Amino acid sequence: MSFHASRPSWRTVLLASVFAGVIAAPALAQTTAATEDEERREDVVIVTATKRESSLQEVPFSIGALSGEDLQRLGAGSIEDIARNIAGFTVQNLGPGQSQIAIRGVAAGQIVRDQPGVKEQVGVYLDESATSLSLFTPDFDLFDLNRVEVLRGPQGTLFGAGSIGGTVRYITNQPDLKEFGGHAEVGFQAVEDGNLGGSIKVAANAPIVEDHLAVRVAAYFTRYPGFIDALRENAPVANDVNDGQRFGVRAAATWAPTSNITITPRIVYQEVDTNGFNREEVFNLFANPNTTTRPPVTFSDRQQFLLLEEAFRDRTILADIVSVFNFGPADLTLVSSYIDRAILVSRDASALTGSVSVDLGFPDAAVLLPSNLIDETDFSQFSQEVRLSSAEDGRFQWVVGGFFTVSDRDYTQVLPTPGFDAFTDLVLGAGTSAAVANGFGADSPFNSVLPFDNRQFAFFGEASYDITERLTFTAGGRYYNFDEERLITTGGLFANGDTLQFDETSSSGFTPRFLISYDLNDNLTLNLQASRGFRLGGVNDPLNTPLCNPIDLQIFGGFQDFDDETLWNFEGGVKSQFGPFTFNSAVFYTDISNLQVTLDAGSCSSRITFNVPQARTIGGEFELAVTPFQGLDVSIAGTVQDAEFRSDVVDSTGAIIGGIADGNRLPTVPNLQISFNAFYSWRISEDAEAFFGGSFQHIGTRFTQPSD
């Protein structure tokens, strides 16, 4: 069952934030202006993109990073705020907890809420724990982060199946074993033609046993401003219906019984609640300029029409433990992670149900019935990673490991429409509604239950060797094996009437990566990379055949499952640092095979995913940062890219299906994206800093779906 009647909304945000440096000890602040000056001159950002610590400039492929200080200055509170300031990184904002990510143009359109079998294209990690879940990747708060890393290009070798476009890593501040400290942040947000929002966030660190045991806790609350207004049936306009809130807590403890052992358990709890969706309508079955039996309606900007209120709820619990054992020349790292999520999406589907009722010849009174589509997802996942990595300096550096994950995802949909059964029996014959119910309740023309079981294991390794003092060669690979099983039961007039239909899919493969890095001098490095990535396939839901006309049934009836999506990425880059200037750039070409694309299956009121044989992206990105004098930081980041299909997809008559034609643009991807930031800061006391500045971002036009 599907419902999507929107085009991307836009908003202008005026952001003001106050950062309160309530520091109880110098561990969380620069102790002197001299120390601050020295660290700013060094400007070294340490990242773990290769699963070993290295500076940002030493990573031999394209990576963007924002430090915790950067995030504070930008007032960043979500992954969309990060994307505005990282080259090659785009987010389609579908609301808190529902944003969709693309890196370097590797995208196939919006994944909609009732496609639980579709996998993610960008991996998202909170420290060492994978948290990606197709459309519903958790929108974690960015407070008390050490940094955010965006690894561009496929990262299948070290980060697995969900990273075909790249990987985003939220790296939190870890418990400090030596110093007490804390900080707080208060923010205010106003949206053009919307209401007000704000946030309050606090974090504290406390050593329990110095050098051996410490705890760190961060808590946050954010109120999202709304900016979408809803026209309602025989009621005043409801303003700012997409407002909401997020609150959560992260609590971690670090235990170091010896200098060679560190164990860090953690618990994360977060809830997101919104009262509506970022949907802007230009046409609605009940509200449009062409009606003759109802008052005509022309929508203004950022408006929608509702018969029923809508809501989104997301409760996320993450528990993980990271253990590191140093054996002199090598480190052994164990990562155990468990995630449990409960997601509710409640939508006004009256226009959908009404349009089907029109097709079935139901009377006007049936067409006007309010209809509520309720999607619920219960998801749990356990993951275990074991890896061994080199721990000493030398010409040869390496990491090897194994990964295992098992997940269960129960997805249900119901469409309560009070009074619908009476019209069904009136038009189609007495007893019809009961005959098609298939065990589901009354007055719900569509119902489905889909439990998924997922198993995956992998072995990976990567090694680097300094051929000379300036030339380094890196090679790596990952073998993966994946199995997915699914049952589906459906009922109601719109449904196919399946009962415990069993489907499964499986795949295995190998993804290599090769890198060459050459230091022209101490300040300039050239990098070349060839890497392969993969995205797991899946099984489509059965078409709602009672609603399909013969032509659509013939066109879309053969897409039962879809294969793994794979790609090869080729890139060349330069990283340089001269005095106050840092300049990194890269050009890339990505050849995509079996791109997974989703289309509406015409009259079937279904969505199907299938493979497009060939697509490609090509482009370039750059990031420039300069500190012309102490206190002033200026940066600019930009991407120019061209992403398009390289195959036609046609029906039996030779007609193009859904806009998938050789040369057409891939959806979600802008051709141009650029951002500019300038901030000036100064120290007002030993433990506090003040700053002001501004940001400008431009994101070019983009499509939501290929058919657009």
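Determine, yes or no, whether L352 is crowded, with 17+ Cβ neighbours inside 10 Å, in a helix (DSSP H, G or I), touching a residue at least 24 places away in the same chain (Cβ under 8 Å) and out of contact with any helix residue (DSSP H, G or I) (no Cβ under 7 Å at 6 or more places or on another chain).
Working: crowded, with 17+ Cβ neighbours inside 10 Å: yes; in a helix (DSSP H, G or I): yes; touching a residue at least 24 places away in the same chain (Cβ under 8 Å): yes; out of contact with any helix residue (DSSP H, G or I) (no Cβ under 7 Å at 6 or more places or on another chain): yes.
Judged against the criteria, L352 is a match.
Only a single criterion out of (1) open to solvent by 40 Å² or more (accessible area, probe 1.4 Å); (2) in contact with a Pro (Cβ under 9 Å, 6 or more places away or on another chain); (3) not in a strand (DSSP E or B) is not satisfied by Q189, namely (3).
Between Q705, Q614, Q697, which is touching a residue at least 60 places away in the same chain (Cβ under 8 Å) and assigned to a strand (DSSP E or B)?
On the way: Q705 fails: assigned to a strand (DSSP E or B); Q614 fails: touching a residue at least 60 places away in the same chain (Cβ under 8 Å).
Sole residue among the options that is touching a residue at least 60 places away in the same chain (Cβ under 8 Å) and assigned to a strand (DSSP E or B): Q697.
Residues to consider are A256, A251, A218, A206; find the one that is surrounded by fewer than 22 Cβ atoms within 10 Å (Cβ to Cβ), under 28 Å from the mean Cα position of the chain (by Cα) and at pLDDT 95 or above. Can you show your working first?
Numbers: A256 fails: under 28 Å from the mean Cα position of the chain (by Cα); A218 fails: surrounded by fewer than 22 Cβ atoms within 10 Å (Cβ to Cβ); A206 fails: under 28 Å from the mean Cα position of the chain (by Cα).
From the options A256, A251, A218, A206, the qualifying one is A251.
When the test is whether a residue is open to solvent by less than 30 Å² (accessible area, probe 1.4 Å) and of a type in the set (A, V, I, L, M), I674 does not pass it.
V574 meets the stated requirement of being part of a strand (DSSP E or B), free of Cβ contacts under 8 Å to residues at least 60 places away in the same chain and β-branched (V, I, T). Restricting the first member to the range 236-250 and to residues that are farther than 15 Å from G194 by Cα, and the second to residues that are of a type in the set (K, R) and crowded, with 21+ Cβ neighbours inside 10 Å, the beta-carbon pairs closer than 9 Å and six or more apart or on different chains are R250/R216; R250/R266.
In the range 452-477, which residues are over 30 Å from G537 (Cα atoms), touching a Ser or Thr at 6+ places or on another chain (Cβ under 6 Å) and of a type outside the set (V, I, T)?
To start, the set of residues in the range 452-477 that are over 30 Å from G537 (Cα atoms) comprises 464-473.
Those left that are additionally touching a Ser or Thr at 6+ places or on another chain (Cβ under 6 Å): 464, 466, 472.
Within the range 452-477, S464, D466 qualify.
What do you reckon, is L524 more than 17 Å from I592 (Cβ to Cβ) and at pLDDT 90 or above? Against the criterion (more than 17 Å from I592 (Cβ to Cβ) and at pLDDT 90 or above), L524 qualifies. Considered as a group, the residues in the range 582-606 that are among the hydrophobic types (A, V, I, L, M, F, W, C) and modelled with pLDDT of 95 or more include one that is surrounded by the most Cβ atoms within 10 Å (Cβ to Cβ), and that residue is I592. Screening S681 with (1) polar (S, T, N, Q); (2) assigned to a loop (DSSP other than H, G, I, E, B); (3) in contact (Cβ under 8 Å) with a residue 12 or more places away in the chain; (4) over 28 Å from V587 (Cα atoms) gives one miss only, at (2). Checked against (1) among the small types (G, A, S); (2) open to solvent by 10 Å² or more (accessible area, probe 1.4 Å); (3) assigned to a strand (DSSP E or B), S132 meets all criteria but (3). Cβ-Cβ distances below 9 Å connect the following pairs, each with a first residue in the range 643-667 that is open to solvent by less than 40 Å² (accessible area, probe 1.4 Å), a second residue that is modelled with pLDDT under 90 and of a type in the set (D, E, K, R), and a separation of six or more residues or different chains: I657/D651; G658/D600; G659/D708; P667/R702; P667/D708.
Conditions (1) over 30 Å from D393 (Cα atoms); (2) of a type outside the set (A, V, I, L, M); (3) in contact (Cβ under 8 Å) with a residue 12 or more places away in the chain, marked per residue:
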site	(1), (2), (3)
A311	yes, no, yes
D314	yes, yes, yes
I317	yes, no, yes
F325	no, yes, yes
V335	no, no, yes
G361	yes, yes, yes
D364	yes, yes, yes
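There is at least one residue in the range 369-391 that is more than 30 Å from D483 (Cα to Cα), touching a Gly at 6+ places or on another chain (Cβ under 6 Å) and free of Cβ contacts under 8 Å to residues at least 60 places away in the same chain.
Among the residues of the range 295-309, those identified as open to solvent by 10 Å² or more (accessible area, probe 1.4 Å) and either out of contact with any Leu (no Cβ under 9 Å at 6 or more places or on another chain) or assigned to a strand (DSSP E or B) (or both) are P295, P296, T298, S300, D301, R302, Q303, F305, L306, L308, E309.
Taking the range 276-294 as the region of interest, how many residues are in a strand (DSSP E or B) and either of a type in the set (D, E) or under 25 Å from L133 (Cβ atoms) (or both)? Reasoning before the result, please.
Quick first cut of the range 276-294, residues in a strand (DSSP E or B) only: 279-280, 284, 287.
Remaining after also requiring either of a type in the set (D, E) or under 25 Å from L133 (Cβ atoms) (or both): 279-280.
So the count comes out to 2.
Taking the condition of being of a type in the set (V, I, T) and either surrounded by fewer than 19 Cβ atoms within 10 Å (Cβ to Cβ) or in a strand (DSSP E or B) (or both), how many residues in the range 221-248 meet it? Don't jump to the end; show me each part of the working.
Within the range 221-248, the subset of a type in the set (V, I, T) is 222, 228, 237, 241.
Adding the requirement that they be either surrounded by fewer than 19 Cβ atoms within 10 Å (Cβ to Cβ) or in a strand (DSSP E or B) (or both) leaves 222, 237.
Looking only at that region, the number is 2.
When T262, T274 are screened for being open to solvent by 20 Å² or more (accessible area, probe 1.4 Å) and modelled with pLDDT of 90 or more, only T262 passes.
Yes/no per residue for (1) modelled with pLDDT under 95; (2) on the phi > 0 side of the Ramachandran plot; (3) surrounded by 20 or more Cβ atoms within 10 Å (Cβ to Cβ):
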site	(1), (2), (3)
N372	no, no, yes
F382	no, no, no
A391	yes, no, no
V400	no, no, no
R409	yes, no, yes
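For the residues T474, T424, the requirement of being surrounded by 15 or more Cβ atoms within 10 Å (Cβ to Cβ), within 19 Å of G497 (Cα to Cα) and either among the β-branched types (V, I, T) or out of contact with any His (no Cβ under 6 Å at 6 or more places or on another chain) (or both) singles out T424.
One residue stands out in the range 136-183 among those that are of a type in the set (A, V, I, L, M) and farther than 21 Å from I86 by Cα: the one that is most open to solvent (accessible area, probe 1.4 Å), namely L177. If the condition is being assigned to a loop (DSSP other than H, G, I, E, B), farther than 30 Å from P370 by Cα and among the aliphatic types (A, V, I, L, M), then the range 444-494 contributes only I467.
Taking the range 119-129 as the search range and keeping residues that are within 28 Å of E185 (Cα to Cα) and open to solvent by less than 10 Å² (accessible area, probe 1.4 Å), which one is modelled with the lowest pLDDT? My answer is V124. Among the criteria (1) open to solvent by 60 Å² or more (accessible area, probe 1.4 Å); (2) farther than 17 Å from Q641 by Cα, the one I699 does not fulfil is (2).
Just to be sure, is V626 of a type in the set (A, V, I, L, M) and in contact with a Leu (Cβ under 8 Å, 6 or more places away or on another chain)? Before you say what the answer is, go through the steps one by one.
Numbers: of a type in the set (A, V, I, L, M): yes; in contact with a Leu (Cβ under 8 Å, 6 or more places away or on another chain): no.
No, not satisfied.
Residues considered: L520, L524, L528, L536. Of these, the only one that is in contact (Cβ under 8 Å) with a residue 60 or more places away in the chain and hydrophobic (A, V, I, L, M, F, W, C) is L536.
Within the group N549, N496, N527, which residue is crowded, with 21+ Cβ neighbours inside 10 Å and within 29 Å of G439 (Cα to Cα)? Step through it out loud before you land on a result.
Values: N549 fails: crowded, with 21+ Cβ neighbours inside 10 Å; N527 fails: within 29 Å of G439 (Cα to Cα).
Checking each option against the conditions leaves just N496.
The values are calculated or read from the model by the stated rules, or taken from the named source; none is laboratory data. It should be emphasised that the depicted structure is a prediction, and the values quoted were computed from it without experimental measurement. Quick reminder, even Gly has a Cβ in these numbers, built from the backbone with ideal geometry, and neighbours come from all protein chains shown. Note: accessible area is taken over every heavy atom of the protein model, side chains too, but ligands, DNA and RNA are not part of it. Shrake-Rupley method; radii C 1.70, N 1.55, O 1.52, S 1.80 Å.
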